[in-house]
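Worksheet: one structure, shown below.
The values are calculated or read from the model by the stated rules, or taken from the named source; none is laboratory data. Everything numeric in this text was worked out from a predicted model, so none of it was measured. Here the Cβ positions follow ideal geometry from the backbone for every residue, glycine too, while neighbour counts run over all protein chains shown. Only protein heavy atoms, including side chains, enter the accessible area calculation; ligands, DNA and RNA are left aside. Shrake-Rupley method; radii C 1.70, N 1.55, O 1.52, S 1.80 Å.
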Amino acid sequence: MSLLRKLLGLLVLVAATTAFASAPVKPFTTESYAAILAAHRGQPLVVAFWSLDCAHCPGSLATLARFARAHPKVSVVLVATDTGADPAALASHVRQAALAQAEQWVFADPLPERLRLSIDSRWWGELPRSYLIAADGTRSAHSGVLDAGQLAQWLSAQRQP
Amino acid sequence: MRILLFCLSLFLATAEAHDMSAHWKTLHQTRGGLATALASDSTGALWRVEARAGHLWVSRSTDTGKTFSAPVRVNAEPETVMAEGQNRPQIAVLESSGQAPVVVVAWVRAREKVFASEVRFARSVDGGVSFEPARTLNDDGQTDIGHSFVALAAQGAQLTLAWIDARASHAARTAAGGKRDAYAGSAIFVVESQDAGASFAPNRKLADHSCECCQLSLASPATGAPLLLWRHIFEGKFRDFALADVSTGVITRASSDGWAITACPHHGGDLAIAADGRQHWVWFTGAAGAPGLHYRHQSGNQLSPAQAVGNLDAQASFPVVWAGGAPNEVHLAWREFSDGAYALRTRRSQDGGVSWSAERTVASSRNAADNPRFVRAAPRPLLAWNTQEEGTRVFDLGVQP
């Protein structure tokens, strides 16, 4: 019994260590969106909102992962809207989606509307929701699964003189 | 030691694969579970179901929701109950002549695998003193796919439940080698009981290609089968609303917004049927042409134009509708958010939904809040709103300030 207990303790420890191996998941508050924009100013940025409850999110994250690999100069920021979710589990999910290098945040407010209003008053919570922000700060919003062609077009439009 | 190392390597190999599912389960275990439901019986007593610590609890109020009796536990064994937002427990009191009232409760239980869930049901035949053992209503026996967003309609001893069921989409995608495109969305399944939930007919599919995660709304006319309102996927891409009689499954288009997105709006509509048979419904769309909340009604095949409701810039959301009481009386309610607080907003029509009063705020809350719901089967427009700080509040919209 005692051996079993030690074994279980060790397993929990290992689970915790492996889960925290990725970048930390930061709490997303009403100031976070502005902070993300400021930190990535002057470079193309994709801010992708997702949730575990969303049936279309895994497909969108997969498209984003392929795009990020092909275009390492584009910043990718992921924000999970699951307030209260275990950050380790979120990080693990993102790692499985091959987006481990992406900066990660999680909603930290019992009132999601408060956070949405700090981002975009015309976003009603549908997921996935993505904001494509060009190097000059121009923002376009997209509800639904990201499309590889659309991402490529967005990026190449910025390279035009 | 060797055993220990073996166990560790095995654990590490499987840990990643299990994380998403573990997350799914803990997410629903840790969430607030603020979603409640209330139903009136013929004496005017209100019955409330709420989810807490893996159980459903039923309590009763004889003072229109000011106080509730000590709650009675519904399910003996704890389960991961989904009770927030669109996935809501349901309650009804079935009364038929010569029979003791039967209290029925339906809910969704999350299973281990991500998105996997089951439709659960239990009833009390002793006036809510105790509940019979909980049963799983989806009869496909698949515990690794979704059966959720259960809705319910009750009339006499007749009980109809509808939910979003993944068995059709799962089969089609599996047959296509796992291709998600092989089937658009999910499907609506229905089950009926003629004996107040003592027994059920086999499950049957009502419609293919529903949206995956918006609550359904069932409403019963004075005579005949209930009607179901749900967010459908028209032409493979438009996530607009559909209306169907559950006995025929013939779909009419309830909204023509043209919202073409591959996304989960998590935002279902609501349907009420007046004594004269007029159907009233409310819904949300994010379609670029006219985003926001909308209302319309239908008598026979006369369909009114869609009317915008609520303040788009205050995140107007989760609309509900009530029809009854005085002839042609209709009430709408929804939630808005501004200045750091939720507002419970309403408007009233006294001519069957043709013209409307100004919108007004009935209540507000500064912390987590459930969506508003009308009390099922109440003879008056009783609007229930459960919030973290204030608990369950019931507002009689028939009493104007």
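Quick notes on this one:
- Residues satisfying the stated conditions in the stretch B:287-296, i.e. open to solvent by 20 Å² or more (accessible area, probe 1.4 Å) and either more than 14 Å from chain A (Cβ to nearest Cβ) or charged (D, E, K, R) (or both): B:Arg296
- Some residue of the stretch B:84-92 being among the polar types (S, T, N, Q) and either surrounded by fewer than 17 Cβ atoms within 10 Å (Cβ to Cβ) or assigned by TED's automatic domain parsing to the domain that holds B:Ala384 (or both): no
- Any hit, the stretch A:71-79, residues being at the interface with chain B (Cβ under 8 Å from one of its Cβ atoms), more than 30 Å from B:Glu336 (Cα to Cα), among the basic types (Lys, Arg) and touching a residue at least 24 places away in the same chain (Cβ under 8 Å): no
- Between B:Ser117, B:Ser169, B:Ser186, the distinction of being within 23 Å of B:Phe238 (Cβ to Cβ), within 18 Å of the chain's Cα centre (by Cα) and in the same structural domain as B:Pro101 (by TED's automatic domain parsing) belongs to B:Ser186 only.
- Pairing each residue of the stretch A:140-156 that is within 9 Å of chain B (Cβ to nearest Cβ) with any residue that is assigned to a helix (DSSP H, G or I), provided the two are 6+ apart or on different chains, yields C-beta distances under 6 Å for A:Val145/A:Gly59; A:Val145/A:Ser60.
- In the stretch B:104-115, of all residues being among the hydrophobic types (A, V, I, L, M, F, W, C) and at pLDDT below 95, the one that is farthest from B:Ser186 (Cα to Cα) corresponds to B:Ala110.
- Failed condition for B:Arg278, given (1) over 22 Å from B:Ala172 (Cβ atoms); (2) of a type in the set (Lys, Arg); (3) open to solvent by less than 20 Å² (accessible area, probe 1.4 Å): (3)
- Qualifying residue in the stretch B:330-343 (condition: touching a strand residue (DSSP E or B) at 6+ places or on another chain (Cβ under 7 Å) and surrounded by fewer than 19 Cβ atoms within 10 Å (Cβ to Cβ)): yes
- Matching entry among B:Val354, B:Val362 (being in a strand (DSSP E or B) and either open to solvent by 10 Å² or more (accessible area, probe 1.4 Å) or within 14 Å of chain A (Cβ to nearest Cβ) (or both)): B:Val362
- Among the residues of this structure, B:Gln307 does not count as one that is within 14 Å of chain A (Cβ to nearest Cβ) and either surrounded by fewer than 24 Cβ atoms within 10 Å (Cβ to Cβ) or at positive phi (or both).
- Selection status of B:Thr248, under 26 Å from A:Leu52 (Cα atoms), modelled with pLDDT under 95 and either surrounded by 23 or more Cβ atoms within 10 Å (Cβ to Cβ) or out of contact with any Cys (no Cβ under 6 Å at 6 or more places or on another chain) (or both): no
- If you check A:Ile119, A:Ile133, A:Ile36 for being in contact with a helix residue (DSSP H, G or I) (Cβ under 6 Å, 6 or more places away or on another chain), away from chain B (no Cβ under 11 Å) and of a type outside the set (Lys, Arg), only one passes: A:Ile119.
- A:Ser32 vs. criteria buried (at least 16 other Cβ atoms within 10 Å of the Cβ) and more than 11 Å from the chain's Cα centre (by Cα): yes
- Flag for B:Asp257 being in contact with a Ser or Thr (Cβ under 6 Å, 6 or more places away or on another chain), outside the structural domain of B:Leu383 (by TED's automatic domain parsing), farther than 26 Å from B:Ser96 by Cβ and open to solvent by 10 Å² or more (accessible area, probe 1.4 Å): yes
- Count of the stretch B:245-263 residues which are acidic (Asp, Glu) and either under 20 Å from B:Gly85 (Cβ atoms) or within 14 Å of chain A (Cβ to nearest Cβ) (or both): 1
- Tally, over the stretch B:235-245, of residues that are surrounded by fewer than 24 Cβ atoms within 10 Å (Cβ to Cβ) and of a type in the set (Lys, Arg): 1
- Among the residues making up the stretch A:80-106, a single one is among the acidic types (Asp, Glu) and more than 11 Å from chain B (Cβ to nearest Cβ): A:Glu103.
- Cβ separations smaller than 8 Å between residues 6+ apart or across chains give the following pairs from the stretch B:264-286 residues that are within 14 Å of another protein chain (Cβ to nearest Cβ) to residues that are in a strand (DSSP E or B) and among the acidic types (Asp, Glu): B:Trp283/B:Asp270.
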